[in-house]
Amino acid sequence: MLGIVLNLILVSLAVLALAAGTSFYVQEKEAGYVRGYTHLFSIAVFFICAGYGIMGFLPYVDYAFIPRLVGLYGIDVFLLMELSFLTMELKQKPGIRGVIIGIFVLYALLDLIMFGRPSALNYVRYDFHTAYENKITGAFFFHYSFVIVICLVLLYHGIKWYKSQKNKRDRIFVVEIILANFVLLFAALPDMFNLPFAKKYPTFFYSLAFSIVYFSYWMAIRYHMTFTPTVKNVSQEIFYSIDVPVLIFDLEGAVSLFNPAAEEKCAIKDGRKATIRNLFTLSDAETLRLLAKAKKGSPGKIETKIKSDQKPCSIHYTIRMDYTGEPFCIIGTVVVKEGV
């Protein structure tokens, strides 16, 4: 009966992960590429937990390799997606990124062919539960060498990602992601060394581990986004309705958001390339002083001109803090001096 309970848990986690990823994708339309990765991770976890859960329920051992192959596919996709996510966060050059991911895609395909074939394992039917017994063959060692190597590569990229972050909030977020990956390594040990519980329920530990990693990532992303400049975080209705130009900058001076009044009066044509420096006639020294004050959490006011029409204006700016007490964005209100 324990096997039925464990398989029900896995199937429930599969559905919950897919629902969480889909809701994130639908609701967080301003999350950029993180939105897509969160959904893809949830699909991979669905394949893992649903595949191994269905394998456990299946009474016919001759066909147990099919749902197991689905679970194995989910594992390889999850690890590849995480590697792709980290290289995106590190802003690696497309060529280097393509080579790294390409090597591991080939590795994953070989893993599916070798370790996913029906003869790679012995399938066993217990009371109410189907499991497998590992064959200590080349395919077994190839699979676990793949898992260990890609986890080490993920750890290396995770450390680089940590070092690239400048504020405490982002570093905490990275550490949460890195620590979650150690769950995968430890969860693989029972199956790798054929420990007693793993003999009868070999897939439960690492399927549960991937679920833990995904939900840890999901919660960390949601919490992190609370302190990412989005319209949602600065009150959507007010932001769009007021007739005063409001610009939200990150701490490097790049425009994250702007309301329609700012778009019109500051002549913003491409919001992705807009910065405080190219919208206003601030000198490099003035820009650096403003950003330095902002990074210390100090609000202020600066006199300048709008670059598109040379109209004099003043920028009144305040700083929004995150939960660690560090600045995370600059909210600037532009007061145009008409008739000057």
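Each principal axis of the Cα atoms in the stretch 1-107 has its own extent, and those three values, largest first, are 50, 34, 17 angstrom. Computed over the chain with a Gaussian network model linking Cα atoms closer than 10 Å, the most mobile of Gly56, Gly21, Gly32 is Gly32. Placing unit charges on the Cβ atoms only, positive for Lys and Arg and negative for Asp and Glu, gives the chain a dipole magnitude near 760 debye about its Cα centre. Taking every DSSP helix (H) stretch of at least 4 residues in the chain, weighting each as -39,500 (n - 2.57) and dividing the sum by the residue count yields a mean residue ellipticity at 222 nm of -20000 deg cm²/dmol. For Asn259, the residues whose modelled amide H falls within less than 5 Å of its own, excluding neighbours fewer than 5 places apart on the same chain, are Val246.
Per the Debye calculation on the stretch 110-172 with a single equal scatterer at every Cα and no solvent contribution, log₁₀ I(q)/I(0) for q = 0.16 Å⁻¹ amounts to -0.67.
At a temperature of 37 °C and a viscosity of 0.692 mPa s, determine how fast the stretch 297-340 diffuses translationally according to Stokes-Einstein, using the Kirkwood radius over alpha-carbon pairs as Rh; express D in µm²/s, rounded to the nearest whole number. Estimated via Stokes-Einstein, D reaches 282 µm²/s. Can you give the angle from 0 to 90° between the axis of helix 2-27 and the longest principal axis of the chain, with both taken from C-alpha atoms, to the nearest 10? That works out to roughly 20 degrees. Just so you know, the Rg over Rh for the chain is 1.12, from Cα atoms, with Rh as the Kirkwood radius. Projecting the Cα atoms of Gly71, Gly253, His143 onto the charge dipole of the chain (Cβ charges, centred on the Cα centre) puts Gly253 farthest toward the positive pole.
Measuring against 19 Å, Cα to Cα, the residue pairs Lys273/Lys296; Lys307/Lys337; Lys265/Lys293; Lys160/Lys295 contain Lys273/Lys296; Lys265/Lys293; Lys160/Lys295 as the ones spanning a longer distance.
Taken together, the values in this text are just the output of simple stated rules run on the coordinates, not laboratory data. These numbers were taken from a predicted model, which means no experiment stands behind them. Methodologically, a virtual Cβ is constructed for each residue, glycine included, from the backbone with ideal geometry; neighbour enumeration extends over all protein chains shown.
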